[in-house]
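Asker: The following block contains the structure, expressed as structure tokens.
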Amino acid sequence: MAILGTPRFAPLEAWRARLAEGGRRVPHVDPLDGGVDARLLLLLETPGPGDAPIRFVSRDNPSGTGRNLSRFLAEAGIVRQDTLLWNAVPRIVHAPGARNRALTRAEIREGAETIPALIALLPRLAVVVLAGRVAAQARQTIADARSSITIVEIPHPSPANVCTSPDVARRIGDLLAQAATILRTQSI
């Protein structure tokens, strides 16, 4: 938590705190990621259910999605300091103790409305990776916020999705490798 008060994270934490006003449960960014220096924003769908009082959007979360994401990013050669993980719908929508549920159109629309302010906090941002169908719905919002950003859509890295076919893991790997190439070749 102390790291979130440093210059690399304080603007993101202040923005997150505004999203959490009114008692909304909004996880923190991962203080081991790149913070405002991130060059790649990876948007997942929404935080999963859980009752932990302090939550982070992190590849280190004890979930299959986190494990898959760590593996795919490492295999692509995308260094952690270049990344920021977030969710297209940033708040926890599940009732305490409830299981995952489908997001409503209003929740997805509300989440998309938060993205331009996030992008404004990331001056070095070159690539946005949209993971899954919900995140893909933010494509136009991102393009409108900063037209110079390259947008890459990947299948969601959840185990349920990755295990459906060997092609899913291959597509995720190939698309993240393309994002890594952009990061290596684009000077900011």
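Asker: In this structure, does Pro62 turn out to be under 19 Å from Gly34 (Cα atoms), open to solvent by 30 Å² or more (accessible area, probe 1.4 Å) and either part of a loop (DSSP other than H, G, I, E, B) or touching a strand residue (DSSP E or B) at 6+ places or on another chain (Cβ under 7 Å) (or both)?
Answerer: Values: under 19 Å from Gly34 (Cα atoms): no; open to solvent by 30 Å² or more (accessible area, probe 1.4 Å): yes; either part of a loop (DSSP other than H, G, I, E, B) or touching a strand residue (DSSP E or B) at 6+ places or on another chain (Cβ under 7 Å) (or both): yes.
Criteria not met by Pro62.
Asker: Name the single residue that is nearest to Leu118 (Cα to Cα) among those in segment 64-92 being in contact with a helix residue (DSSP H, G or I) (Cβ under 8 Å, 6 or more places away or on another chain) and of a type in the set (S, T, N, Q).
Answerer: Asn87
Asker: Moving on to the next point. For segment 131-159, enumerate the residues that are open to solvent by 10 Å² or more (accessible area, probe 1.4 Å) and part of a helix (DSSP H, G or I).
Answerer: Arg133, Val134, Ala136, Arg139, Gln140, Thr141, Ala143, Asp144, Ala145, Pro159
Asker: Sticking with this one: Restricting the first residue to segment 38-60 and requiring it to be more than 22 Å from Pro159 (Cα to Cα), which pairs with a second residue that is among the basic types (Lys, Arg) and modelled with pLDDT of 95 or more meet a Cβ separation below 9 Å and a spacing of at least six or different chains?
Answerer: Ala38/Arg124; Arg39/Arg124
Asker: Something else about it: Within segment 98-108, is there a residue that is in a loop (DSSP other than H, G, I, E, B) and of a type in the set (Ser, Thr, Tyr)?
Answerer: Yes, segment 98-108 contains a residue that is in a loop (DSSP other than H, G, I, E, B) and of a type in the set (Ser, Thr, Tyr).
Asker: If you don't mind, another one. Return the only residue of Val89, Val128, Val162 being in contact with an Asp or Glu (Cβ under 6 Å, 6 or more places away or on another chain) and crowded, with 17+ Cβ neighbours inside 10 Å.
Answerer: Details: Val128 fails: in contact with an Asp or Glu (Cβ under 6 Å, 6 or more places away or on another chain); Val162 fails: in contact with an Asp or Glu (Cβ under 6 Å, 6 or more places away or on another chain).
Exactly one residue qualifies, and that residue is Val89.
Asker: Check segment 11-26 and report whether any residue there is closer than 16 Å to Thr83 by Cα and among the aromatic types (Phe, Trp, Tyr).
Answerer: No, because not a single residue in segment 11-26 is closer than 16 Å to Thr83 by Cα and among the aromatic types (Phe, Trp, Tyr).
Asker: Sticking with this structure for a sec: Condition first: under 23 Å from Gln137 (Cβ atoms), open to solvent by 20 Å² or more (accessible area, probe 1.4 Å) and in contact with an Asp or Glu (Cβ under 9 Å, 6 or more places away or on another chain). Now tell me which residues in segment 165-188 satisfy that.
Answerer: Residue satisfying the conditions is Leu175 alone.
Asker: Still on this model: Residues of segment 65-95 being part of a loop (DSSP other than H, G, I, E, B) and not β-branched (Val, Ile, Thr), which ones? Lay out the reasoning, then the answer.
Answerer: Taking segment 65-95 as the starting set, the residues that turn out to be part of a loop (DSSP other than H, G, I, E, B) are 77-79, 88-95.
Passing the criteria: Gly77, Ala88, Pro90, Arg91, His94, Ala95.
Asker: Let me ask something else about it. Could we say that Glu107 is surrounded by 15 or more Cβ atoms within 10 Å (Cβ to Cβ), of a type in the set (Asp, Glu) and under 22 Å from Arg59 (Cα atoms) here? Walk me through how you get there before you give the answer.
Answerer: Details: surrounded by 15 or more Cβ atoms within 10 Å (Cβ to Cβ): yes; of a type in the set (Asp, Glu): yes; under 22 Å from Arg59 (Cα atoms): no.
In short, no.
Asker: What residue, among those in segment 151-186 that are among the hydroxyl-bearing types (Ser, Thr, Tyr) and within 20 Å of Arg133 (Cβ to Cβ), is nearest to the chain's Cα centre (by Cα)? Explain how you work it out, then say what you get.
Answerer: Step one: list which residues in segment 151-186 are among the hydroxyl-bearing types (Ser, Thr, Tyr), which gives 158, 164-165, 181, 185.
Adding the requirement that they be within 20 Å of Arg133 (Cβ to Cβ) leaves 158, 164-165.
Values: Ser158: 13, Thr164: 22, Ser165: 23 Å.
Filtering first and then ranking leaves Ser158.
Asker: Find the residue count for segment 36-49, including only residues that are assigned to a helix (DSSP H, G or I) and crowded, with 24+ Cβ neighbours inside 10 Å. Please lay out each step first, then the result.
Answerer: Restricting attention to segment 36-49, the residues satisfying the condition of being assigned to a helix (DSSP H, G or I) are 36-37.
With the extra rule that they be crowded, with 24+ Cβ neighbours inside 10 Å, the set shrinks to none.
Count: 0.
The values are calculated or read from the model by the stated rules, or taken from the named source; none is laboratory data. Here the structure is a predicted model, which means the values were calculated and not measured. Reconstructed Cβ throughout: ideal geometry from the backbone, glycine too, with neighbour counts over all protein chains shown. For the accessible areas, the whole protein counts, side chains as well, though only heavy atoms, and no ligand, DNA or RNA atoms are used. Shrake-Rupley method; radii C 1.70, N 1.55, O 1.52, S 1.80 Å.
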